[in-house]
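Here is the structure we will look at, set down as C-alpha cells.
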Amino acid sequence: MVGKMISLHRRVLQIPLLVVAGLFAAIHLVTAVVLAVARPDTVPMVSGYVLPVAAGSALLLCTFQHTGGAFEQALRLGRTRRGALGGVLALTLLNGASLFGLSALLTALERWAAPPLWAALTGAPGYVVGTEGRALPAPAPGAPAVAPDPELLAVAGAFPWWAWLAIAIGCALAGFVLGALMQRLGPKVLWGLWGAWLVWMLWLYSPPLRELLRQGWVIPAAVLAVLALTVWSAWSLLHAVVRR
C-alpha cells in the first residue's frame with residue numbers, strides 16, 4: 001500500500017527537492033555576482049537559515065496535498081481508511097526526511113566549498129570562517145594605524161538543530177491539519193484560512209497582541225491546541241466520507 005502511494009506521487013516527492021536545490025543555486029549565483037562586482041571583505045552564509053524555512057514551507061504544502069488528495073485517492077482505489085492514513089504519514093515522513101536531509105547537506109556543502117570560491121571571486125589572498133564580524137581594535141594615540149585584514153571573512157550561521165526539528169514538525173502538523181479540514185469541509189475552508197490570515201496580519205503588531213504573546217502560558221496553550229487539532233484530524237480522516 002505505502003509503496004503504491006509513493007510510486008503514484010513521485011512528482012510530489014521530487015519537485016520540492018528540485019525547488020530547494022534551485023533556491024540554493026540561486027542564492028549562490030546572486031552571491032557570486034555581488035562578490036565579483038562589489039568585492040566586499042565579509043560575506044554571510046545564509047543557507048542554514050533560508051533552506052530549512054524553504055524545506056518547511058514545501059513540507060507543509062506537500063503534506064496538505066497528501067492529506068487532502070492522496071488520502072481520498074487511496075480510498076477510491078479500495079484501500080481502508082487506516083491504510084490510507086498510514087500511507088499519508090509515510091509520504092509525509094519521506095518528504096520531511098528528504099527535504100531536510102537535502103537542506104542539511106547543502107548547508108554543509110556551503111560551509112565547505114563556498115569560502116574558497118568566494119575568496120577567489122573577490123581576489124582575497126585567503127579566507128577565514130567565523131561566526132561574527134572581526135572588529136579591529138582602535139590604535140592607541142601615536143601608534144601606527146592597523147592595516148585591514150586582507151582575508152575574506154565568511155560568516156557562518158544556521159538555526160540550531162532543535163529549530164530545524166521544530167520547523168519540520170510544525171510544518172508537517174500544519175499541513176496535516178489543513179488537509180484534514182479541506183477533506184472534511186471542502187474548498188470553503190480556504191476562505192476561512194484567508195480571513196484568519198488577514199486578521200492575524202492586521203493585529204500582529206498591535207500592542208495588545210504583542211503583550212499577549214509575551215505571556216508564559218501562550219506557548220504551552222498553542223502546543224496543546226496543535227496536538228488537539230492533530231488528534232481531531234486523524235479522527236476525521238478515519239471517519240471520512242469520500243465524495244464521488
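The values are calculated or read from the model by the stated rules, or taken from the named source; none is laboratory data. Just so it is clear, the model here is predicted, and its values are computed rather than measured. Positions of Cβ are generated from backbone atoms using ideal geometry, with glycine treated the same way; all protein chains shown enter the neighbour counts. Heavy atoms of the whole protein, side chains included, go into the accessibility calculation; ligands, DNA and RNA do not. Shrake-Rupley method; radii C 1.70, N 1.55, O 1.52, S 1.80 Å.
Observations
- On a per residue basis, the range 1-123 carries 50 Å² of accessible surface, using protein heavy atoms and a 1.4 Å probe.
- Mean separation of Cα contacts under 8 Å, 6 or more apart, over the residue count of the range 4-110: relative contact order %: 44
- For the range 7-106, convex hull volume per residue from C-alpha positions, Å³: 83
- Around the amide H of Leu153, modelled in the peptide plane, lie the amide H atoms of Thr42, Val43, Val128, all under 5 Å away and 5 or more residues distant in sequence or on another chain.
- Accessible surface ranking for Leu178, Leu61, 1.4 angstrom probe, highest first: Leu61, Leu178.
- Annotation: amide H-H contacts under 5 Å for Val46 (H modelled 1.01 Å from N, sequence separation of 5 or more, or interchain): none.
- The label-point distance for Leu238 and Thr42, in a model that sets each label 7 Å from Cα toward Cβ, rounds to 5.5 nm.
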